[in-house]
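The values are calculated or read from the model by the stated rules, or taken from the named source; none is laboratory data. Just so it is clear, the model here is predicted, and its values are computed rather than measured. Glycine gets a Cβ as well: all are built from the backbone with ideal geometry, and neighbour counts include every protein chain shown. Note: areas computed on protein heavy atoms with side chains; ligands, DNA, RNA excluded. Shrake-Rupley method; radii C 1.70, N 1.55, O 1.52, S 1.80 Å.
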Amino acid sequence: KMNGILLYCRPGYEKECAAEIQARATAMEAYGFAKVTPNSGYVVFECHSAEDVDSLAKKLPLSSLIFARQMIALHARVDDMPLYDRVNPVVAACDGIEAMGELRVEMPDTNEGKELSKFCRKYTVPLRQALRKNDHLLTKENKNRPVLHVFFIDNVSVYIGYSYSFNNSPLPMGIMRLKFPAKAPSRSTLKLEEAFHTFIPADQWDKRIGGAMRAVDLGACPGGWTYQLVQRSMFVVAIDNGAMADSLMETGQVKHYEEDGFKYEPAKTTIAWTNRKLNGNKVKVPENPPVDMLVCDMIEKPERVARLMCKWLLNAWCKEAIFNLKLPLKRRYHTLEDCLAILDKQLDDRFVIQAKHLYHDRDEVTVHVAWNHFIPEDK
């Protein structure tokens, strides 16, 4: 039996994932320590009590964790399973687990993990049958019940645990798989597409990134991010000293200005401000920013990009922004903390800030900031 939380992350980012869970758990008075294996693709945070494990799994929002793709409350670890029978040892280790609504057999996002993927697919069927027979799994999948995770770290070793359906990633291994569009001018296009899926609910896309809306892309060339905006029928001002893909210019939806993204400012318009009540206080908010969506994927110092985004938002030049913060090889976690501190200090409660180390990101983190009052309320 184990008292711990298992977090999946990008291989090579275990230290950042560990630092984050350590800080967040301590803030919730759930004490423990993180165990890190470099380039493993996961982190184990060992808690001092079983109550803390369940509390973290329920109350620490996975969406608020930047580096974790999935979060699981651990029940047991099984090692040295015989290759001829890797079903019965797992079933036996599930003793004490009530009937779960779904089974996921997973592995780390590493080269070694990928070699296990074919076996895991075949193994899922007999394991599911055995778990149902022993009442650890409901006979029919139930999306409202907790999910049982069996996570292979190698051929003969697994972690077994559960996640709550209201606080987990619905995606296998927490990874969003997207198909690269053949007409996009660069693979960076997938970063913005994943950001849309991650930060903007699908039922709000038409209102927030829909037809005829206005966007600005800072550091646009050759147009990977502009491509996503054009595909959604938006009109884009692309700012970059480089060349844009001809296919994008031919759409008639893109205006390209050869300028420095840090110096460009939108055409001066009169912005109307109105008073709104927020947390019992009157605050000023803009009614008509000239740009609906600002995007930025410039290779620049992350603190400089953070300050530029604050300038755009506080001047009410845009309703919302999606941008990447490039992380240095050293002090990645602390650099990101510094950048988020800049955003927190300059932007007040009128804004919503989200950040995630997306699957299609590399050494960068994607951030989304929006004026609160432009986000439609849930029905």
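Screening Glu102 on (1) under 29 Å from Tyr13 (Cα atoms); (2) out of contact with any strand residue (DSSP E or B) (no Cβ under 8 Å at 6 or more places or on another chain) shows it passes everything except condition (2). Given the structure, is Asp217 without any contact (Cβ under 8 Å) to a residue 60 or more places away in the chain and acidic (Asp, Glu)? Criteria not met by Asp217. Identify the residue in the range 331-376 that is assigned to a strand (DSSP E or B) and not β-branched (Val, Ile, Thr) and, among all such residues, is nearest to Pro302 (Cα to Cα). Selected residue: Glu364. Residues in the range 1-38 that are loosely packed, with under 14 Cβ neighbours inside 10 Å and assigned to a loop (DSSP other than H, G, I, E, B): Lys1, Met28, Glu29, Tyr31, Thr37, Pro38.
Scan the range 45-65 for residues that are crowded, with 21+ Cβ neighbours inside 10 Å and either under 19 Å from the mean Cα position of the chain (by Cα) or farther than 28 Å from Asp154 by Cα (or both) and the total you get is 2. Tell me yes or no: at least one residue of the range 301-308 is outside any strand (DSSP E or B), in contact with a Ser or Thr (Cβ under 7 Å, 6 or more places away or on another chain) and open to solvent by 30 Å² or more (accessible area, probe 1.4 Å). So far as the range 301-308 goes, no, none of its residues is outside any strand (DSSP E or B), in contact with a Ser or Thr (Cβ under 7 Å, 6 or more places away or on another chain) and open to solvent by 30 Å² or more (accessible area, probe 1.4 Å). Residues that are in a loop (DSSP other than H, G, I, E, B) and either in contact with a helix residue (DSSP H, G or I) (Cβ under 7 Å, 6 or more places away or on another chain) or within 21 Å of Met249 (Cα to Cα) (or both) within the range 158-182 comprise Tyr164, Asn168, Ser169, Met176, Leu178, Phe180, Pro181, Ala182, listed in sequence order.
Of all residues in the range 47-62, those that are free of Cβ contacts under 8 Å to residues at least 60 places away in the same chain have Cβ atoms under 6 Å from Cβ atoms of residues that are surrounded by fewer than 17 Cβ atoms within 10 Å (Cβ to Cβ) and not in a helix (DSSP H, G or I), 6 or more apart or on another chain, in His48/Tyr31. Residues of the range 355-371 that are open to solvent by 30 Å² or more (accessible area, probe 1.4 Å), modelled with pLDDT of 95 or more and over 9 Å from the mean Cα position of the chain (by Cα): His360, Asp363. With respect to the stated conditions, Arg132 is among the basic types (Lys, Arg), outside any strand (DSSP E or B) and more than 27 Å from Thr37 (Cβ to Cβ). So which residues in the range 255-264 are open to solvent by 80 Å² or more (accessible area, probe 1.4 Å) and either assigned to a loop (DSSP other than H, G, I, E, B) or of a type in the set (A, V, I, L, M) (or both), if there are any at all? Within the range 255-264, Glu258, Lys263 qualify.
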